[in-house]
1. Please tell me if V304 is within 18 Å of the chain's Cα centre (by Cα), under 28 Å from P248 (Cβ atoms) and crowded, with 19+ Cβ neighbours inside 10 Å.
2. Just checking: which of the strands (runs of 3 or more DSSP E) contained wholly in region 341-427 hold 3 or more residues that are touching a strand residue (DSSP E or B) at 6+ places or on another chain (Cβ under 8 Å) and under 30 Å from A325 (Cα atoms)?
3. Within region 15-33, how many residues are modelled with pLDDT of 95 or more and either among the basic types (K, R) or under 15 Å from K105 (Cβ atoms) (or both)?
4. What is the residue count in region 277-286 for residues that are buried (at least 21 other Cβ atoms within 10 Å of the Cβ), modelled with pLDDT under 90 and in a loop (DSSP other than H, G, I, E, B)?
5. Exactly one condition in (1) at pLDDT below 95; (2) hydrophobic (A, V, I, L, M, F, W, C); (3) buried (at least 17 other Cβ atoms within 10 Å of the Cβ) is not met by I58; state its number.
6. I'm told L208 meets every condition in (1) under 18 Å from the mean Cα position of the chain (by Cα); (2) modelled with pLDDT under 95 except one. Can you identify the failing condition by its number?
7. Can you name every residue in region 214-260 that is among the basic types (K, R) and near ligand 2 (Cβ under 9 Å from one of its atoms)?
8. Restricting to region 223-237, and then to whatever is in a loop (DSSP other than H, G, I, E, B) and more than 6 Å from ligand 1 (Cβ to nearest atom), can you tell me which residue is nearest to M352 (Cα to Cα)?
Amino acid sequence: MSERTHTTAARRERGFLVAADLPRMLVPVGESVRELARLADTAGLEVVGEAVQTVRRINAALFIGHGKVEEVRGRAEDARADVVIFDEPLSPAQQRNLERELNRKVIDRSALILDIFAQRARSLEGKMQVELAQLQYLLPRLTRQWTHLSRLGGGVGTRGPGETQLEVDRRRVRTRIGQLHRRLRDVERTRGLHRHERATVPFPTVALVGYTNSGKSTLMNRLTQAGVLVEDRLFATLDPTVRRLRLPEGLTVLLADTVGFIHKLPHQLVEAFKSTLEEVRAADLLLHVVDVSQSTWPEQVQVVDSVLEEIGAGDRSTIHVFNKADVLADGAPPPPTTADAVTISARTGKGMGPLLVAIETRLTAGLERVRCALPSGRGDLLAWLRRVGRVIEEYYHDGAVTVTALVPPKVAGQLRKRLPETAARPC
Ligand SMILES: Nc1nc2c(ncn2[C@@H]2O[C@H](COP(=O)(O)OP(=O)(O)OP(=O)(O)O)[C@@H](O)[C@H]2O)c(=O)[nH]1
Ligand SMILES: [Mg+2]
């Protein structure tokens, strides 16, 4: 490696942040910029300055006003910024115009998030999903200018799906998109099969969802010793992990940890991660983990709810899990105490008992507990019980099997009719 490349690699790219204070913003602009700075840091950039403009009407060509562009150019110049990062999504034309006006690389929050995902993707499926999202994002931006700029050398926002990809024409990008779609469909099919196999095992699925960094993986590890990577960084988890968890009254569930959400998550990513998020859509229960040490947790809850809506999981049964109760911030609204919520600290273990009880109560609501001895050769009855209820225990003895299960009252009635001699009984 030459001396020069070595120096370039050691130096962090310098990023200058720009945000617009728009009417009716869900998250206050100050909080949004703080989050953007965290995203920039996570992506490996050094934040060297920021500018906020109150915008009443978006400038179609430049997003922010002409005067503000001038100011940003001067300040970015002084701060020796390599890249200017906008908090709002920029259209391809705005991005091009701004690059010309500011005389340096310009990216938006979406590009930054895509870049972080690209750095974090580990599994083959995750890598393909991120590449697909990046190409979808890149396609309308593939102009001579972009190609030229990206050739100037790597760095955040240009960590495309391979430098050479940026030089190929749109047709080849489209071909690659088609290829990725097909490969992902294959992976999805295999995964669908696995899920089907799992569905024949009568374990309900509980999925951890929530804002990024809210503590989903910490909770997963606390409950199942799964050993999932936990980091005080955004998007530590991309690939789903599923583990068994036994609840206090004996019900076994599958607990799934998956990718976190964020404000203004690029729709290309949500689209590309739909198969991963199938774990969420197919879950019997969602544990929505909320970081109550953030003063904006109510807004974060809204963001998560809208992404859930977008992926078709808006109607899932949900328990709100208010996490990080050990570090409640001054000024942060206290977590509400409702029947649908549990306050915990995944770090200290506080609230785990009540959380497990809440999960079990929700999953068994309206079910009756029965125990019955099934005569040998009646595997069909066992299969039926597994299908219609939740089998907690199977005890094999002398060829017969004694089953404890949670079933709807109607099923309990049918069972008593079908097996009067073994006295299927509530217990
Ligand atoms: N103080 C405190 N910190 C916590 C608690 N739970 C998690 N954390 C910390 O919060 C940070 C993020 O935790 P993770 O478990 O990685 O969060 P996550 O929701 O899985 O995040 P992503 O995978 O990035 O979406 C880590 O530094 C954890 O140690 C808690 O109850 N109290
Ligand atoms: Mg995680």
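The values are calculated or read from the model by the stated rules, or taken from the named source; none is laboratory data. Every value quoted in this text rests on a predicted model; they were computed, and no experiment measured them. Glycine gets a Cβ as well: all are built from the backbone with ideal geometry, and neighbour counts include every protein chain shown.
1. Working: within 18 Å of the chain's Cα centre (by Cα): yes; under 28 Å from P248 (Cβ atoms): yes; crowded, with 19+ Cβ neighbours inside 10 Å: yes.
So V304 passes the test.
2. Qualifying strands (runs of 3 or more DSSP E): 341-343.
3. So the count comes out to 4.
4. The number of residues fulfilling the criteria is 1.
5. Among (1) at pLDDT below 95; (2) hydrophobic (A, V, I, L, M, F, W, C); (3) buried (at least 17 other Cβ atoms within 10 Å of the Cβ), the lone unmet condition for I58 is (3).
6. Going through the list (1) under 18 Å from the mean Cα position of the chain (by Cα); (2) modelled with pLDDT under 95, L208 breaks only (2).
7. K216
8. Applying the first criterion (in a loop (DSSP other than H, G, I, E, B)) to region 223-237 yields 225-237.
Filter once more, keeping what is more than 6 Å from ligand 1 (Cβ to nearest atom): 225-229, 233.
On the way: Q225: 14, A226: 16, G227: 18, V228: 18, L229: 20, R233: 24 Å.
Here the residue is Q225.
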